[in-house]
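The values are calculated or read from the model by the stated rules, or taken from the named source; none is laboratory data. All values derive from a computational prediction rather than experimental measurement. Neighbour counts run over all protein chains shown; Cβ positions are idealised from the backbone, glycine included. Just the protein is used for accessible areas: all its heavy atoms, side chains included, with ligands, DNA and RNA removed. Shrake-Rupley method; radii C 1.70, N 1.55, O 1.52, S 1.80 Å.
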Amino acid sequence: MRRILHIDMDAFFAAVEERRDPGLKGKPVVIGGMGDPSRRGVVSTANYEARKYGIHSAMPLRTAYKLCPKALFLPVDYEAYEAASRLFKSVLLDITSIMENAGIDEAYLDISDEPDSNEAIVAKIRAGILEKTGLTCSIGIAPNKLLAKIASDMQKPNGLTVLTGDDIKGKLWPMPIRKLYGIGPKTEEHLKAMHIETIGQLAALPVEVLVRNFGFSYGHYLHEAARGIDENPLITHWEPKSFSRETTFQADVGDWQTIARTIAELTRDVVSELTQRGYCGRTVSLKIRYENFRTVTRACSAPEALCKADEIRRMAFSCLKRVELTGRKIRLVGVRLGNLEKNPKAL
Ligand code: TTP
Ligand code: MG
């Protein structure tokens, strides 16, 4: 029997901000965009006080302001959150090197071969993270990744939930289908149209019905996941597929200069990450969203992988030439570099 631990930080971006400015504690805090609710942007996260007003991730900042005008709005400071993320993951790597980095504020550990009890491991992790970052986290432990992730979400904040195979009927099956990893809004809607609301009802469906509705591999996935079955190992090493940056203009932009300058800035950020991580890339793609939300992408590939900023910027501009701009305004631009190769000089 495997022992998999999933950890998810509590109100992560907001908690980092509260740590930096203890005066925020106890007040509703919303992090998102430029931190100005009169401007465009969405909520990245809100602390638990702000959530009481119905504020949640991905909600427009303006809506959040209407729900709670006295909330404190702060801009997103990725560098600070990345730094806190690296610190808490270093605590996890002190427990075992079998760690899967699952996002900025979450990770899995395979603690099957650790001699210590769940409680002892959790106490060590909590103390280490508190010491290095001042933050709290919620932890789930289960026989696989699927159940461990569900478990870490069951008692937030600062909770520990251990699920075993015996809990599938009593704890997993009464949950709404949306709690199952891999079920997004579309599948949820589809299943609800079939009168399937809980994971238990999903588990009771014959696999043939799921395959007919969702295809062979996703149908089988749903059938097994609803039974709490997941044999996937941790992925301890990721090769990035692409690096990208995008930005939404404060007001829609029609002039070429501003668009070109923004593309140059985004390209600079992409190249900086590319260089830091030791990669080169062959394909540059440009994403443009017009004011009516129509979105186009244009990709340009070089015969060989590019590493230098000026070469990559030139490629981005040659993509821009293929975008229809006359008489139209643009809402968002993005730059992506794909077809990556390891930079031989960085090896
Ligand atoms: P979550 O773990 O989903 O949320 P959280 O850590 O803020 O709160 P919880 O205590 O419920 O775990 O996401 C981690 C961070 O990722 C979050 O602090 C901000 C960022 N994020 C976004 O930027 N946009 C989003 O839509 C979501 C869901 C998260
Ligand atoms: Mg979190």
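Largest first, the extents of the alpha carbon coordinates of segment 93-135 on the three principal axes equal 27, 21, 14 Å.
Report Rg/Rh for segment 131-204, rounded to two decimals, where Rg is the Cα radius of gyration and Rh the Kirkwood radius. Dividing the radius of gyration by the Kirkwood radius yields 1.06. Average accessible surface for segment 235-322: 58 Å² per residue, computed with a 1.4 Å probe over protein heavy atoms with every protein chain in place.
Using the Cα centre as the reference, give the magnitude of the dipole from point charges on the C-beta atoms of segment 1-149 (Lys, Arg: +1; Asp, Glu: -1; all else neutral), rounded to the nearest 20 debye. Intermediate results must be reported in sequence, preceding the final value.
Numbers: 20 positive and 20 negative charges, 155 e Å.
Value, rounded to 20: 740 debye.
Could you compute the FRET efficiency for E224 and A193, with r as their C-beta to C-beta distance and R0 at 30 Å, rounded to 0.05?
0.85
Taking every pair of alpha-carbon atoms in the chain, give the share separated by more than 33 Å as a whole percent. Beyond 33 Å sits 43 percent of the P(r) for the chain. If you wrap the Cα atoms of segment 203-290 in a convex hull and average its projected area over all directions, you get 10.3 nm².
Report, in debye and to the nearest 20, how large the dipole of segment 76-214 comes out about its Cα centre when Lys and Arg carry +1 and Asp and Glu carry -1 on their Cβ. Mind dumping the intermediate values first?
On the way: 15 positive and 20 negative charges, 94 e Å.
For this selection, approximately 460 debye.
Computed over the alpha-carbon pairs of segment 1-92, the distance histogram in 5 Å steps reads 3, 14, 25, 21, 16, 9, 6, 3, 2, 1, 0 percent, short to long.
Pop out the Kirkwood hydrodynamic radius of segment 289-347 from its pairwise C-alpha distances, inverse of mean 1/r, in Å to one decimal. Don't jump to the answer; show the numbers that get you there.
Working: mean 1/r = 0.0751 Å⁻¹.
Hydrodynamic radius (Kirkwood, Cα pairs) of segment 289-347 is 13.3 Å.
With 0.36 nm allotted per residue and the present C-alpha distance subtracted, the E273-K132 stretch has 48.2 nm of extension available.
Look at the dipole of segment 16-140 built from charges on Cβ: of L67, G140, P115, the Cα furthest out on the positive end belongs to L67. Within the same chain, lysines fewer than 8 places from K329 are excluded, and of the rest, those with a Cα less than 16 Å from its Cα are K287, K321. Applying the criteria of a DSSP loop state and at most 11 other Cβ atoms within 10 Å to the GluC sites (Glu not before Pro) of segment 226-292 yields E231. A straight Cα-to-Cα reach below 16 Å connects K308 with the lysines K342, K345, residues fewer than 8 places away in its own chain not being considered. Only alpha carbons enter this Debye calculation for segment 120-167, each as an equal point scatterer, and the log10 of I(q)/I(0) it gives at q = 0.27 Å⁻¹ is -0.96. When the Cα convex hull of segment 149-302 is projected onto planes of every orientation, the mean area is 14.5 nm².
How large is Rg over Rh for segment 253-327, taking Rg from the Cα atoms and Rh as the Kirkwood inverse mean of 1/r across Cα pairs? Using Cα coordinates only, the ratio equals 0.99. Positive-end ranking of S242, C319, P174 along the dipole of the chain, with charges on Cβ about the Cα centre, is headed by C319. For the pair segment 54-80 and segment 175-210, the centres of their Cα atoms are 31 angstrom apart.
For segment 153-247, a crude dipole built from +1 on the beta carbon of Lys and Arg and -1 on the beta carbon of Asp and Glu, taken about the Cα centre, is about 220 debye to the nearest 20. Residues in segment 1-153 average 45 Å² of solvent-accessible surface per residue, probe 1.4 Å, ligands and nucleic acids excluded. Only DSSP H runs of four or more residues enter the estimate; each adds -39500 (n - 2.57), and after division by the residues of the chain the mean residue ellipticity at 222 nm equals -11000 deg cm²/dmol.
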